[in-house]
Amino acid sequence: HSRLKKGLDALMPAEYAVANMEKELQAMQPVLVKTKKEVGEMMVVIQEDKAKAAVKKAECEETEKEATESASKATAIKTSAQADLDQALPMLDAAVKCLQSLKLSHVQEVKALLKPPGGVKLTMEVLCHMFETPPTKKNDPDNPGKKLLDYYDAAKKTIINDAKVLIDRLINFDKDNIPDKVIAKIQPYMKGDDFTPTAIAKASKACTALCMWARAMDTYHRVALGVEPKKIALKGAQESLAETMKVLKVAQDELQEVNDRLDGLEKGFNDATAKKEALANQ
């Protein structure tokens, strides 16, 4: 009787505990069902966002490819243009150095010549064309009524009359805007063998520097003409690159936004899955 009573006394609390546990289990069951449903829904959203991220990533990669191609194109044009300019720059540097070493007395000597040599006359003629200075018209002693064009006299009065001003004009000459008509006029001299630094050096040291300068201006002009289309193309390529980079920035920002959202969803998914497993275990 005593053993039976003790058994009954033990069964009653156990029955009470089991009843409470059944109530708790019944209360937890809907929560578990709800959590499972939430996890399933989150999984669908995550899959959709992963698909969006993959599409956006592909767009970014394609835009990055376009940007790389645009940058390569711009670099190639710039390199080509610089290579062309590098042909003229050494001549320009040499001419400027020669002008800087030119003494005022050398120019004054040219101005003081009563009977200038042919090389000096030729140089003054080219200078008059470069600075668009018209020649002095003089009567031809051998042909009355006919006029002679004296470039040396015109140069003495307007170009080499002040040696310091001349050197400054030569150094600061607007080489990027030489009129085509000026270039056309000096072409015969550039192609001739009598207007070279070596040939002119026989007549005058000052004129040698002036000859080098004139030839450097002609070379630079011809190179600049070839470079100009490349400059235009370079500008277009750089503008295209800038636009591509803007599109790329927008795509990258959108991709980052999708990735951030995806990271948040995956964290929520992991938390919900852990909660579901804990409920199932309980």
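Miscellaneous remarks
- Gaussian network model of the chain, springs between alpha carbon atoms under 10 Å - residue of 224, 76, 17 with greatest fluctuation: 17
- Pairs of Lys in region 186-251 closer than 27 Å at Cα, counting only those 8 or more apart or on different chains: 8
- The chain, relative contact order [Cα under 8 Å, separation at least 6], %: 34 percent
- The chain: angle of helix 118-130 to the longest principal axis, Cα-based, in degrees nearest 10: 50 degrees
- Descending semi-axes in Å of region 99-196, equivalent ellipsoid built from Cα gyration tensor: 23, 18, 13
- The chain - mean residue ellipticity at 222 nm from DSSP helices (-39,500 (n - 2.57) per run, n ≥ 4, rounded to 500): -29500 deg cm²/dmol
- Relative contact order %, region 47-162, counting alpha carbon pairs below 8 Å whose residues are six or more apart: 17 percent
- In this structure, the amide hydrogen of residue 148, modeled 1.01 Å from its nitrogen in the peptide plane, lies closer than 5 angstrom to those of 138, 139, 140, counting only residues at least 5 positions away or on a different chain.
- Karplus-based coupling profile of region 36-46, in residue order and whole Hz: 4, 5, 4, 4, x, 5, 4, 4, 5, 4, 4, with θ = phi - 60° in 6.51 cos²θ - 1.76 cosθ + 1.60 and x standing for Gly or Pro.
- In the chain, the C-alpha radius of gyration followed by the widest Cα-Cα span (Dmax) gives 45.1, 167 angstrom.
- Cα-based helix-to-principal-axis angle, 180-191 vs the chain, degrees rounded to 10: 60 degrees
- Heavy-atom accessible area for residue 9, with the other protein chains in place and a 1.4 Å probe, reaches approximately 80 Å².
- Mean projected area (nm²) of the alpha-carbon convex hull when region 131-282 is viewed from all directions: 18.0 nm²
- Relative contact order, percent, region 159-282 [alpha-carbon distance under 8 Å, six or more residues apart]: 16 percent
- Summed over the residues of the chain and divided among them, the accessible surface reaches 64 Å² per residue at a probe radius of 1.4 Å.
- Distance histogram for region 1-130 (every C-alpha pair counted, 10 angstrom bins, percent rounded to whole numbers): 9, 12, 11, 9, 8, 8, 7, 7, 6, 6, 5, 4, 4, 3, 1, 0
- Computed from Cα atoms, the angle from the helix 205-281 axis to the main principal axis of the chain rounds to 0 degrees.
The values are calculated or read from the model by the stated rules, or taken from the named source; none is laboratory data. Keep in mind the model is a prediction, meaning the values are calculated, not measured. Heads up: the accessible areas ignore ligands, DNA and RNA and are worked out on the full protein's heavy atoms, side chains in. Shrake-Rupley method; radii C 1.70, N 1.55, O 1.52, S 1.80 Å.
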